[in-house]
Each structure stands twice: as structure tokens, then as C-alpha cells.
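One structure is given below, encoded as C-alpha cells.
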Amino acid sequence: MTTLGEMLKGPSSRSLWDRLCPLLEALDESAAATAATGLRSWPPERRPMPDRWWAEWLAGDVRPYHALAGTRRLGRLVDVESARVPAEPRADRDEYEEANDRVLTPSGYALTDVVAFPYGAMAVAAPSDLRRLVLGAVAEWHHNGGDVVGWSTMASGPLTTFLDGADYHDNPLDIQISPDGATVAASVECRWHAWSSAGQALWTLDPESIWPDGPAGAASDDGDEEEPDDDLVGIDVPVRFSFDAEGRRVAVGRLRGGPVAVLDARTGQVLAGSPGPDGARWEGEGPVALDAAGRLLAHARGSGLVVREADGGAVLAEADTGLVTIHALAAAPDGTRFLAVGADGKDDPAVCVLTLSAPSTLTAGELIRPDRAPDGMVATDPMSVITARAVWTDGGPLAFMSSDVGDVLFGDDGRVLRLSSGPSVAAFTPDGRALVTVGCAEQDEMDPIDVWFLDGPDGPAAPHRAP
């Protein structure tokens, strides 16, 4: 009789995975870790999470063998438009339409005219339990902005509408969900918005009205203003949000200069910022990152990283990252290390890990580039800037970046966890255990929505896999 160990040594295949799954379910945590060693040579696509495992995951009944799965197809954007969970999420186009009783309408594969993603998704956000996603549509520039809606991954039902594209004219370039799942944040038309998970508006802030003189408090002569030298999509350049671990505070920053602030996530009250309620003058820009306690705030200043006290804004330390531009940040839970994601001097994707030590010394490590990247990726292109994401997992930091030639997910050791030839937008779950991607160029696949599991053989804690 073939043993589990012998099966793991064989060539990877979907049929073998289907035979392995019942055996893996019988493993305890220690044995599952041993099995993970044998699965490291398996591409995640050949280890899809079975339906019964997914049902356990959604129910909060997380088992050791769940970490051995590589990915799960959640559906496609047509399912978001149709407000339903697909019956056959991995079927091909013809099988998919038959299995899910699709109706082809003039506006696309949609059963409703309330929400539409005719040009794909601009952003996605996912809570740690993956029971729902929040997606932002690409704007239809001839008549409206992109819809922002919540979609259940558990059961078909009404969508939660956060923003109706008919009410504004912009792209939702970033969406974030707080770690407790209670708050959703996004920015359009230069205004910051927050809602409850049920879609109830909590607050809206216009930083231009709060800080009319700009981030440094200096008045400007309108006649001397210059247009930003970039091609970033949207009325506002990307705004980044970062919550503390309990979802009580949220930091906000804009990538091309502008206000950096720490807010009460429930009320929108400005707790500290530029200039802040105490009159402090902050010079900085997004992206931003809070530590787990909401005690420390990190933000970019050109190619440098500034670490401040979140209460009051006193600068603790500052260091240059060596990156040409910084697109995304993440903080270790204890606030002693930070990950900066951006572009190096050759416009290639790169990261820098910085360490904060007493007495208030910030030390930047060497730039780390992914072992491999999509051929032709330019890390300073608008899509690379917009799609860049960072997270600090239990196993270490991870960075994601996508462009029109593909995307790459890699760690601070340069190890590539995912490499694709098609562009996508993505979001890490707040706990760093999963990455959700939405394809935005594979028309034959109708914009697939996938989750990639990061705490098993493909995670940052796993030993480096030989290419």
C-alpha cells in the first residue's frame, strides 16, 4: 500500500492531490508540518482547497491541514455583478455559464444593472475570515466613477453598496478593511470615507478643507502651482490607509505629497496629523503604516522613512531606504521593523527592511529584489504604484506588485511566492494568512477572483524553494 510519504515524493498533479486530501485531514499539527515539507515543490495551483475545507475555514473551524492548500477560486467578477456565489467557480466559460445559468446582457455578463465592472476591478479588500470581499470597479470615465461594493463569499444575496459610481467621478484606488472587520475605508475625489461593514456611512473627511494650506502649513501661490508630473489614474493620486490591530485608529497618507494623519476609525476625529489639532507641522507623504498598538506611525518622505509617535507626532527616527519611490509600507506588530516597497534605481521592484532600535535609531537594510519578476515590469509605472501592497505576517514581511505584464509576490529574502504573466489587483488579509487577487486582463477567464494561502508551504516562513 502506498504511504503518504511515498505519494508526496511523486510528481505533482490535481488527481494525486485529490487522493491526498483525505489522508492529510487525519494529520495533527506536527504531521501536517512534515507533510508541508513534501509539498513545497508543488505549485499552489495544484493544491486547490477542497469544498469541505473551505466550509470549515468560513465557519472559523481552522484545521492544521488547511495550511497545506495553495489556492481557492472564489468566483469571477460576473458573480459580484450577479450577487451570487458560483456553483462551479473553476469551470471553463461554456461550462460556467451553463452551471450558473448566466444571461448575457448588452453591458456584460451580469444579471443586474445596479453594479457593473465593465472594465474590471481597480481595488479589492479582504477581512481575515474571507467571508466577504469589498471590490472597487474601474471608473467609466465617460459617465461615472467605479462602484464600491461588498460581496459575500459564503452565500448568494444582496450586495452591500459603499459607493455608487453614479455619485462621483474617480477611481477607488485603495480599499482597506480593519483587522476586526468592522470598518471599511477608501478615498475618492480627494475625500476620505469610512463605513461600517454593513455599509453605513461613518464619516467623510475632505483634507483640503481641514488643511487648506497644505501639509506643511505654507500658503501657496495658485499661479505658481505646477501639475504633478505623473500619469496616476484618478482625481487624487493613491491614498493609503493603515489600521492598528484593534481597528480603533487608522492612518491616512497620500503618495504624491499631502496630509498624513491619524484618525479615530469610528468617528473620523483627527488625533494627530498635518498640521494636527495641536498645530504641529508635519512634512511627509503616504504611504503609511501603524504598529499593532497604534502607538507608532511610519510614513514616507521622498525616498526616506519617518517614524513618529502617533500621539502628538514627535519624530523618533528617520532613514533613507535607498528606493527611488516608496509605494507601500508595513510595520511589524511590535513596531521595531518596517517594510518599504517600491522601485530601485533601475525601476525594478524592490523592498527595504528598516529596524528601529533604542535610542531612536532607524537602520535601513540593503535593497532586496525578487529572485524573478515579470519580464518588462517597470516598478515606477502607474499600475505598479497603484497595485503595490505590503504586509507583515507571522513568518515575516511580504510585498506584492502588479503591472500590465504580470505580478509578483515576494518576501524580504527575495523569494518569489507567486509570479504571473497577467495583471491583477490584490489585497492581503489583515492577519497576513492569505492574498486575494482579481485578474484584470484575462478576458477568457472573465476576471477570476482567487485566494492564495500564505501560512503553509508557500508562506514566508517556509524554507527557500529552489527555482
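The values are calculated or read from the model by the stated rules, or taken from the named source; none is laboratory data. Since the structure is predicted, the reported quantities are computational estimates derived from the model, not experimental observations. With ideal geometry, Cβ positions are generated from the backbone for all residues, glycine too; neighbour counts draw on all protein chains shown. The accessibility values were calculated without ligands, DNA or RNA, using every heavy atom of the protein model including side chains. Shrake-Rupley method; radii C 1.70, N 1.55, O 1.52, S 1.80 Å.
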(message) When you check V324 against the structure, is it surrounded by fewer than 19 Cβ atoms within 10 Å (Cβ to Cβ) and not polar (S, T, N, Q), yes or no?
(response) yes
(message) If a residue must be modelled with pLDDT of 95 or more and among the hydrophobic types (A, V, I, L, M, F, W, C), how many such residues does region 401-424 contain?
(response) 4
(message) Looking at A292, A330, A280, A265 in this structure, which one is at pLDDT 95 or above, surrounded by fewer than 22 Cβ atoms within 10 Å (Cβ to Cβ) and of a type in the set (A, V, I, L, M, F, W, C)?
(response) A292
(request) Tell me which residues, restricted to region 436-454, are within 16 Å of the chain's Cα centre (by Cα) and modelled with pLDDT under 90. (result) C440
(request) Residues being open to solvent by 10 Å² or more (accessible area, probe 1.4 Å) and either within 27 Å of N171 (Cα to Cα) or among the basic types (K, R) (or both): count how many of those fall in region 393-414. (result) 2
(request) Would you point out the residue of region 296-315, among those that are open to solvent by 10 Å² or more (accessible area, probe 1.4 Å) and more than 17 Å from L339 (Cα to Cα), that is modelled with the lowest pLDDT? (result) G312
(message) So, in region 381-392, exactly how many residues are open to solvent by 10 Å² or more (accessible area, probe 1.4 Å) and either touching a Cys at 6+ places or on another chain (Cβ under 8 Å) or under 17 Å from S420 (Cα atoms) (or both)?
(response) 2
(request) Please verify whether region 194-203 includes one or more residues that are surrounded by fewer than 17 Cβ atoms within 10 Å (Cβ to Cβ) and at pLDDT below 90. (result) no
(request) Select from region 160-173 the residues that are touching a residue at least 40 places away in the same chain (Cβ under 8 Å) and within 21 Å of the chain's Cα centre (by Cα) and write down the one among them that is most open to solvent (accessible area, probe 1.4 Å). (result) T161
(message) Against the definition (modelled with pLDDT of 85 or more and either basic (K, R) or surrounded by 14 or more Cβ atoms within 10 Å (Cβ to Cβ) (or both)), how does L68 come out, yes or no?
(response) yes
(request) Name, by its number, the condition in (1) in contact with a strand residue (DSSP E or B) (Cβ under 7 Å, 6 or more places away or on another chain); (2) more than 21 Å from P448 (Cβ to Cβ) that does not hold for W54. (result) (2)
(message) Return the residues of region 124-138 that are touching a residue at least 60 places away in the same chain (Cβ under 8 Å) and open to solvent by less than 10 Å² (accessible area, probe 1.4 Å); say none if nothing qualifies.
(response) V124, A125, A126, P127, L130, L133, L135
(request) Determine whether L417 is in a strand (DSSP E or B) and open to solvent by 10 Å² or more (accessible area, probe 1.4 Å). (result) yes
(message) For region 303-332: of the residues being assigned to a loop (DSSP other than H, G, I, E, B) and touching a residue at least 60 places away in the same chain (Cβ under 8 Å), which is nearest to S384 (Cα to Cα)?
(response) A332
(message) Looking at V378 and the list (1) in a loop (DSSP other than H, G, I, E, B); (2) open to solvent by less than 40 Å² (accessible area, probe 1.4 Å); (3) of a type in the set (V, I, T), which single condition is not satisfied?
(response) (2)
(request) Take the residues in region 333-368 that are open to solvent by 10 Å² or more (accessible area, probe 1.4 Å), in a strand (DSSP E or B) and among the small types (G, A, S), then tell me which one is modelled with the highest pLDDT. (result) A364
(request) Within region 233-252, count every residue that is in a strand (DSSP E or B) and within 16 Å of the chain's Cα centre (by Cα). (result) 8
